[in-house]
Each structure stands twice: as structure tokens, then as C-alpha cells.
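Reading through the C-alpha cells given below for one structure.
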Amino acid sequence: MKIVDAKVFVCSPGRNFVTLKITTEDGITGLGDATLNGRELSVVSYLEDHLIPCLIGRDARNIEDIWQYFYRGAYWRRGPVTMTAIGAIDTALWDIKAKALGVPLYQLLGGASRQGVMVYGHASGADLDEAVANVRDYAAKGYRAIRVQSGIPGLDSTYGVGRGKYFYEPADRALPPENIWSTRKYLNFAPKLFEAVREAVGEDVHLLHDVHHRLTPIEAARLGRDLEPFNLFWLEDAVQCELQAGFEIIRQHTTTPLAVGEVFNSIYDCQELLSKQLIDYIRMTVSHGGGITQLRKIAALADVYHVRTGCHGATDMSPVCIAACLHFGMWVPNFGVQEFMLHSEETREIFGAQYTFSDGYVHPGDSPGLGVEFDESSVEKHPYVPAYLPVNRKEDGTMWNW
Ligand code: GCO
Ligand code: MG
């Protein structure tokens, strides 16, 4: 089953997506998501200039060998650009194999371990009252798990607060917008937010929160402790995560479960966090985590240490990645939760994904492969638009983590 063609499509139906399509000599096609928010064209070049010329002519059935060929064979390993490109090829090859066998991908991975994949939606508000109202709204829609973010009194803009009710798209300008941050204002406000949310929706709904890398370990320890009465499902990216040993400090002080990993791309990025039991959920996703081939190894390692999955699934992952995560989530034994946001209607039309939401769970559908049909003809109508994520400064102007 020789690979005869591989094409990269960049399209921007409201935001940029990079999509890889691989075709075999039998005419079977597979899709991979190669979108890296704000750095899209570097992955396009990595694929077109370096990987695709070495991919043509290989046997599409040998997924593991092709993964090893590109990972070990490059000499230069790891990094988001490299691993997103490898992840896109890997996902497309799993799509092809499942289509060739006539089964949905989750069947190939090991079959269904559950009836559907529990997802969490994003409720946010410009202030506490609006955030609480949106949490109620998500609960009424049937979500069993809800991420809560809110504007912070005294700060003009904050991570996680969308303009519309269901969309959050921070990468929207040709030059990075600048946000201002105050740890003091945030730490004083966050417990009040969750107190109000718990009061509004009760104990049954899982509540999640994303700190987006902004605290130091001891500050994160304080926040985790202050939030304990509100019983969070997870506290995400409480600190920047390069220093894995830093999590030991957080762990010593709080029982609030910790989630980390959306910016990781290698198993070695989380090896210490897993093996020392410093986190509870691993957030690596299919597209940035080197594809299904690497993610299943990471999940197996995580399982040994009681860590569950919680794949990143914001709208900068295309429906191709989301579909791959959902198939993965149907199967993976140590599943935790899947992030789930609505893509724009235009995006949904272009990608024609078959997954469906019902009662807080999403099912990937039973079409062979990933269950995504990409409409190439619409690409020209939506050319690439440069768009960058914001940067963050403290109130005195010092650069900080966004
Ligand atoms: C999340 C993430 C996103 C990221 C975005 C960056 O938890 O969904 O933190 O909001 O900021 O995906 O590209
Ligand atoms: Mg996050």
C-alpha cells in the first residue's frame, strides 16, 4: 500500500488550520491536523520541504516504522514543530489503516471501553455574574464537566474570556495583543468565583479551571488549597511546566487535582511528572503530541502512575484532531475527560466531522477511519491570515507568561 501523494492545505475559516492529506496507490486517503497556533507556516514548511519527500513511496501500513523513521531519523528530535508534523502524518496513517480495514479508528485501537467520551465545555464571563450564568447554561445543555474562567476585577483582559458565548479565539491579530496581569488580584478573586459557581450549580457538576501557566509553585499551592472546598475536577497549568520538579512544592500543600501538558510534545516532557506522581491528568493531544503512536505510549506510562488523560481540544485543534482524540478517548483505559469547544459553522462545514454530543458525552461515530471528510474545494475561499496569541505583562511592564 504505497503512499503516492501527500498534500498540505492551509485554510482560515475564521482561524487558521493546517491539514495534511495522504493518498495511497489504492486511492485511500487519510487526514492529519498540523495546526500549531501562531506558528502554522513553520509546520507547513517542515512537512513540505523535509518530511513529504521522504514519505512518498513508503508503505502506509507501517505506521510505527514511519514514526520511528521521522523521529529517530531526523537526528534533531522533539519540539512542537517537529512533533506536530510527525503527529499529522501519524494520524493520517491511522485514518488510512482504519479505512482500509473498514472500521472506525477506536475499534482498531482496542475497541470501545465506554459508551461515549465525557467532555468539558468552556463557560466564561466578563465578570463573576456572567461566568456563573454561563456555567448554569452549560449545565442546562447537559454538560457534566465545565471549565470556568472569568474576568478579574481591576484587570482589563484575562485569559479564557471569550467575546461570544461559545467561542474563545485568542489568536486574532497580525501582531500579538498585550494583556496585563496581576497575580495578587487573581489569587484574591479565584476562590470567590468558585464559591459562587458551586452555590449556583451544586456538587454534581465537575468544575475545571485553567491558570494558564501564570503562578509560581508556592502561589499555585496556595490557590490549590484555597479551592479545595469547591472540589475541582482539575486545576490546569498552574505554573509554567519546564521545571517538572517544581510540582513537588504544589503537591506538598494541596489535594486539588492537577492537569498539565497541552504544550508538551514528547514523552520525556512528562516522564518525571508521571513517574513521581506529581500530576493527575495529562493534557497532551494527538496533533501536538506526536500522533496516536506516541500518545498511546504516554497513556500507558500514565496508567502505571494513576494518571488519566485529558487531551487538549481548544478550537485551534481542527476537527481532524478532535476526532482523533475522541476515538482515542473511546478506547484508552485510563481516560479522564476530553476538552470540547464548538468550532464555527463554516469550520464544521469544511471538515464535515461526524462526532455527536449527547447528554455530556461525545461519540466519534462509526464510519471507517476518523470519520472526517475534508472539503478541499473550500480552501481557496479562506486564505491564510497571520494571527498571533497575546503576550502578557505584569502591571509594571515586566514580560510574563500568557
Ligand atoms: C486550553 C488552552 C487554550 C490555549 C490555546 C493556545 O486549555 O484550551 O489553554 O486556550 O491557550 O489552545 O493555542
Ligand atoms: Mg489550557
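The values are calculated or read from the model by the stated rules, or taken from the named source; none is laboratory data. For clarity, every value in this text was computed on a predicted model and none was experimentally measured. Note: ideal-geometry Cβ built from the backbone for every residue, glycine included; neighbour counts use all protein chains shown.
Couple of notes before you dig in:
Residue-wise test of (1) without any contact (Cβ under 8 Å) to a residue 60 or more places away in the chain; (2) within 27 Å of LEU342 (Cα to Cα).
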| residue | (1), (2) |
| --- | --- |
| SER150 | yes, yes |
| THR158 | yes, yes |
| GLU169 | no, yes |
| ALA174 | no, yes |
| PRO177 | no, yes |
| SER182 | no, no |
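- Tabulated pairs, region 207-219, first without any contact (Cβ under 8 Å) to a residue 40 or more places away in the chain and within 15 Å of TRP400 (Cα to Cα), second more than 10 Å from ligand 1 (Cβ to nearest atom) and part of a loop (DSSP other than H, G, I, E, B), C-beta under 7 angstrom, 6+ apart or interchain: VAL211/ALA238; LEU215/ALA238
- Those residues of region 358-402 which are of a type in the set (Ser, Thr, Tyr) and touching a residue at least 60 places away in the same chain (Cβ under 8 Å), in sequence order: SER358, TYR361, SER367, SER378, TYR384, TYR388
- Residue, surrounded by the most Cβ atoms within 10 Å (Cβ to Cβ), within region 199-225, restricted to residues that are in contact with an Asp or Glu (Cβ under 9 Å, 6 or more places away or on another chain) and not β-branched (Val, Ile, Thr): HIS209
- THR347 meets all of the listed conditions (1) within 16 Å of ligand 1 (Cβ to nearest atom); (2) without any contact (Cβ under 8 Å) to a residue 60 or more places away in the chain but one, namely (2).
- Residue check, GLY365 at negative phi, buried (at least 16 other Cβ atoms within 10 Å of the Cβ) and not hydrophobic (A, V, I, L, M, F, W, C): no
- Of the set (1) under 21 Å from VAL391 (Cβ atoms); (2) buried (at least 23 other Cβ atoms within 10 Å of the Cβ), all apply to ASP172 but (2).
- Residues (surrounded by fewer than 24 Cβ atoms within 10 Å (Cβ to Cβ) and either modelled with pLDDT under 95 or under 21 Å from THR35 (Cβ atoms) (or both)) located in region 78-103: ARG78, GLY79, PRO80, VAL81, THR82
- The set of residues in region 156-174 being at pLDDT below 80, closer than 15 Å to MET317 by Cα and among the small types (Gly, Ala, Ser) is empty.
- Taking region 321-344 as the range and being of a type in the set (Ser, Thr, Tyr) and either crowded, with 24+ Cβ neighbours inside 10 Å or away from ligand 1 (no atom under 16 Å from the Cβ) (or both) as the test, no residue passes.
- Identification of helices (runs of 4 or more DSSP H) wholly contained in region 1-114 with 1 or more residues that are small (Gly, Ala, Ser) and in contact with a Gly (Cβ under 6 Å, 6 or more places away or on another chain) yields 80-101.
- Residues in region 135-188 that are under 22 Å from GLY14 (Cβ atoms) and assigned to a strand (DSSP E or B): ARG147, GLN149, ARG173, ASN179.
- When every residue of region 27-46 is checked against the conditions, at least one turns out to be over 21 Å from LEU370 (Cα atoms) and free of Cβ contacts under 8 Å to residues at least 12 places away in the same chain.
- The one condition from (1) part of a helix (DSSP H, G or I); (2) under 21 Å from ASN37 (Cα atoms); (3) in contact (Cβ under 8 Å) with a residue 60 or more places away in the chain; (4) in contact with a strand residue (DSSP E or B) (Cβ under 9 Å, 6 or more places away or on another chain) that MET341 does not meet is (1).
- Test result for ALA221, more than 14 Å from ligand 2 (Cβ to nearest atom), more than 24 Å from MET399 (Cα to Cα) and either small (Gly, Ala, Ser) or modelled with pLDDT under 95 (or both): no
- First in region 302-314 and farther than 9 Å from GLN338 by Cβ, second anywhere and aromatic (Phe, Trp, Tyr), Cβ under 7 Å, 6 or more apart: VAL307/TYR281; ARG308/TYR281; ARG308/PHE335
- Answer residue from region 13-36, given it is surrounded by 19 or more Cβ atoms within 10 Å (Cβ to Cβ) and within 16 Å of ligand 1 (Cβ to nearest atom) and is farthest from VAL379 (Cα to Cα) among those: LEU36
- For region 226-272, filtering for residues that are touching a His at 6+ places or on another chain (Cβ under 8 Å) and among the polar types (S, T, N, Q) leaves 2.
- Residues considered: THR398, THR309, THR315, THR356. Of these, the only one that is touching a strand residue (DSSP E or B) at 6+ places or on another chain (Cβ under 9 Å), of a type in the set (S, T, N, Q) and closer than 30 Å to VAL211 by Cβ is THR309.
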